[in-house]
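The values are calculated or read from the model by the stated rules, or taken from the named source; none is laboratory data. All of these numbers come straight from a predicted model, not from anything done at the bench. Cβ sites come from the backbone with ideal geometry, for glycine too, and all protein chains shown count toward neighbours. Calculation scope for accessible area: heavy atoms of the full protein, side chains included, ligands and nucleic acids excluded. Shrake-Rupley method; radii C 1.70, N 1.55, O 1.52, S 1.80 Å.
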Amino acid sequence: MTPFTPILQHTAVKIQRGPYQDLNVFYGDLHNLCGIFYGHGSLEEALQNAKEQLDFCSVTGHALWPDMPEPDPEVQYIIDFHLEGFAKLRRLWPQVQKTMARFHQDGEFVTFLGFEMHSSADGDRAVIYNGASGDILEVEDLTELERKIRQLRSTGVGVIALPHHIGYLRGQRGINWDTYDADISPIVEIVSMHGCSEENENTRPFLHVMGASDYESTMACGLARKHLFGVVGSTDHHSAHPGSYGHGRTAVWATARTRHSIWDAICQRRTYALTGDRIALQFTLNDQMMGSSLSFTLQRDIELFVSGGAAIDCIDIIKNGRLLRRFSEDEQRSTSASITSSVHTKLYLEVGWGERKVRTDWEIDFGISEGEILAVEPRFRGSEVVAPPEADASLSREHYLSHWQANGLNRVQLTTSTFGNPNNSTNASQGICLEVIMPRQAEVRSTINGRQVNIPLSRLLVGAKADRLGKIGTAGFRFNRAPEAWEFNWHCQFTDTVTQSEPGGDTYYIRVRQKNDQWAWSSPILILDD
């Protein structure tokens, strides 16, 4: 048996076909923050956390807000902490660039320098450089920002502006599709801790103090106007934890884990948005990959390969904002289900629960009695703090410095801490998922804070197994149900035959929903009208 490399492991994806066959999927977070402005935690901590579970990362401190609200006693505290944060980032900017450069290593972990500009009128932008050096651009509005980006590009500097939390009301930091420029902004963030901006009804509604989402700022509205852009997810996490599980992540199809290759994938819109799990999503239309623009054709052959992080619930083809085709579990079961002696599955261990604000430290050894670990997927979360008034000094941020490492051929070691769930609707657990091939009669073996817990795989194939560290109210752990391979590896095909397109063309994209409420959205494909 060959040992897996004790660094970040991708889901063992072996489904590359057609235009994806020479590419690999890599996972990152292009929009998140820390204490380099008014956030929390150091840049070093942020990048170290990122290296635990991501391939690439940009940390984007707030830098300017040209059309900030006028001084007003009711909102002055908001204005003040923004201005203090902007000044802090400028003071730290030389060191920020050095730190981003120091953490970058092609082949292992890729960094991109970035900063954020707020815009009430046109929507916020994260300005991201193809490298670890660049200036904070001083501008008066989006028009001037885009002009300066074009000037930089004319000198060979790679730089884009990423619209984010686009779903907010236009004029209140939601996107303005009238001023959107796909050349400057080839990708658009559609999910983050703020919520999901896909369409009117979403899996994750906008709940932040900034307000509710509005249709005219959604992805659906932008596609209806025939804009072509790649989609990404980001955490927008403010406490030094890029990739904080469940808030949003970006996946790219690239040739290698290098800055050049990942940047090329971003600019070519070979991207898709995730909430958390490393879902591998391949989408082609007439053998062209996501993010493409195609000439008019009557027959549109759609093919999907999806390797999920858990059991898939359904996969949707969305055409022109409407559901065209839904693939469901019963179709996959009827063609794929069979009993074999060896099982290809996902073993997901979560730890947490217990009394709120009561810290529990965890030392875990997790693995299998027989078989092979194909990949390790950490699912680590950071502190749920955004603005300074929300900070709770009673919760030390150091407990979010989770770490994992390989321990031989078929085990991993994990150290982390939890504080219980802050309310009955927010999951604050930490977790790790092993993708394995193992005999059906083998055991899942673990030592959790000194307690040995061995569970037959056959038991987890039936359903989850939970327990506590002690009496009622103490922290607990849960081994999630282990899905069969057919539940998370789906291959779907569909042909859409048309007589004409909508004015401006037809847009298609893919939406994946897992049973554990983790999602993925592909970048769209545009078929031009005739």
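Does residue 240 qualify as being over 22 Å from residue 158 (Cβ atoms) and of a type in the set (Gly, Ala, Ser)? Outline the logic, then answer.
Working: over 22 Å from residue 158 (Cβ atoms): yes; of a type in the set (Gly, Ala, Ser): yes.
Judged against the criteria, residue 240 is a match.
Please pick out the residue among 10, 31 that is part of a loop (DSSP other than H, G, I, E, B), at pLDDT 95 or above and within 16 Å of the chain's Cα centre (by Cα).
31
Could you please find all residues in the range 420-449 being among the hydroxyl-bearing types (Ser, Thr, Tyr), surrounded by fewer than 18 Cβ atoms within 10 Å (Cβ to Cβ) and in a strand (DSSP E or B)?
First, pick out the residues of the range 420-449 that are among the hydroxyl-bearing types (Ser, Thr, Tyr): 425-426, 429, 446-447.
From what's left, surrounded by fewer than 18 Cβ atoms within 10 Å (Cβ to Cβ): 425-426, 447.
Scanning the range 420-449 gives 426, 447.
Which of the residues spanning the range 182-213 are within 19 Å of residue 32 (Cβ to Cβ), charged (D, E, K, R) and part of a loop (DSSP other than H, G, I, E, B)?
Of everything in the range 182-213, just one residue is within 19 Å of residue 32 (Cβ to Cβ), charged (D, E, K, R) and part of a loop (DSSP other than H, G, I, E, B), namely 204.
If the requirement is being surrounded by fewer than 24 Cβ atoms within 10 Å (Cβ to Cβ) and either touching a Phe, Trp or Tyr at 6+ places or on another chain (Cβ under 8 Å) or free of Cβ contacts under 8 Å to residues at least 60 places away in the same chain (or both), which of these qualifies: 269, 225, 278? Even if it seems obvious, please write down each step before you answer.
Working: 269 fails: surrounded by fewer than 24 Cβ atoms within 10 Å (Cβ to Cβ); 278 fails: surrounded by fewer than 24 Cβ atoms within 10 Å (Cβ to Cβ).
Exactly one of 269, 225, 278 is surrounded by fewer than 24 Cβ atoms within 10 Å (Cβ to Cβ) and either touching a Phe, Trp or Tyr at 6+ places or on another chain (Cβ under 8 Å) or free of Cβ contacts under 8 Å to residues at least 60 places away in the same chain (or both), namely 225.
Are any residues in the range 228-256 more than 29 Å from residue 426 (Cβ to Cβ), of a type in the set (Gly, Ala, Ser) and either in a helix (DSSP H, G or I) or open to solvent by less than 10 Å² (accessible area, probe 1.4 Å) (or both), and if so, which ones?
Across the range 228-256, the qualifying residues are 230, 254.
Can you tell me which residue is surrounded by the fewest Cβ atoms within 10 Å (Cβ to Cβ) among those in the range 91-144 that are part of a loop (DSSP other than H, G, I, E, B) and among the aliphatic types (A, V, I, L, M)? Even if it seems obvious, please write down each step before you answer.
Within the range 91-144, the first condition is being part of a loop (DSSP other than H, G, I, E, B), and the residues that meet it are 104, 106-108, 118-124, 130-141.
Now restrict to residues that are among the aliphatic types (A, V, I, L, M): 121, 132, 136-137, 139.
Working: 121: 14, 132: 19, 136: 17, 137: 19, 139: 18.
Result: 121.
If we keep just the residues of the range 342-381 that are open to solvent by less than 30 Å² (accessible area, probe 1.4 Å), over 21 Å from the mean Cα position of the chain (by Cα) and among the hydroxyl-bearing types (Ser, Thr, Tyr), which is nearest to residue 481 (Cα to Cα)?
Across the range 342-381, the extreme among qualifying residues is 345.
I'd like to check something: does the range 467-483 contain any residue that is in contact with a Lys or Arg (Cβ under 8 Å, 6 or more places away or on another chain), open to solvent by less than 60 Å² (accessible area, probe 1.4 Å), modelled with pLDDT of 95 or more and among the aliphatic types (A, V, I, L, M)?
Checked the range 467-483: at least one residue is in contact with a Lys or Arg (Cβ under 8 Å, 6 or more places away or on another chain), open to solvent by less than 60 Å² (accessible area, probe 1.4 Å), modelled with pLDDT of 95 or more and among the aliphatic types (A, V, I, L, M).
Of all residues in the range 201-222 being within 10 Å of residue 174 (Cβ to Cβ) and more than 22 Å from the chain's Cα centre (by Cα), which is least open to solvent (accessible area, probe 1.4 Å)?
211
What is the residue count in the range 302-338 for residues that are aliphatic (A, V, I, L, M), touching a residue at least 40 places away in the same chain (Cβ under 8 Å) and surrounded by fewer than 17 Cβ atoms within 10 Å (Cβ to Cβ)? Show your work before the answer.
Just the residues of the range 302-338 that are aliphatic (A, V, I, L, M), to begin with: 302, 304, 306, 310-312, 315, 317-318, 323-324, 337.
Applying the additional criterion that residues be touching a residue at least 40 places away in the same chain (Cβ under 8 Å) yields 302, 304, 306, 310-312, 315, 317-318, 324, 337.
Within this subset, residues satisfying the condition of being surrounded by fewer than 17 Cβ atoms within 10 Å (Cβ to Cβ) are 324, 337.
So the count comes out to 2.
Collect the residues in the range 145-160 that are open to solvent by 10 Å² or more (accessible area, probe 1.4 Å) and more than 22 Å from residue 258 (Cβ to Cβ), keeping them in residue-number order.
Within the range 145-160, the first condition is being open to solvent by 10 Å² or more (accessible area, probe 1.4 Å), and the residues that meet it are 146-148, 150-158.
Correct list: 146, 147, 148, 150, 151, 154, 155.
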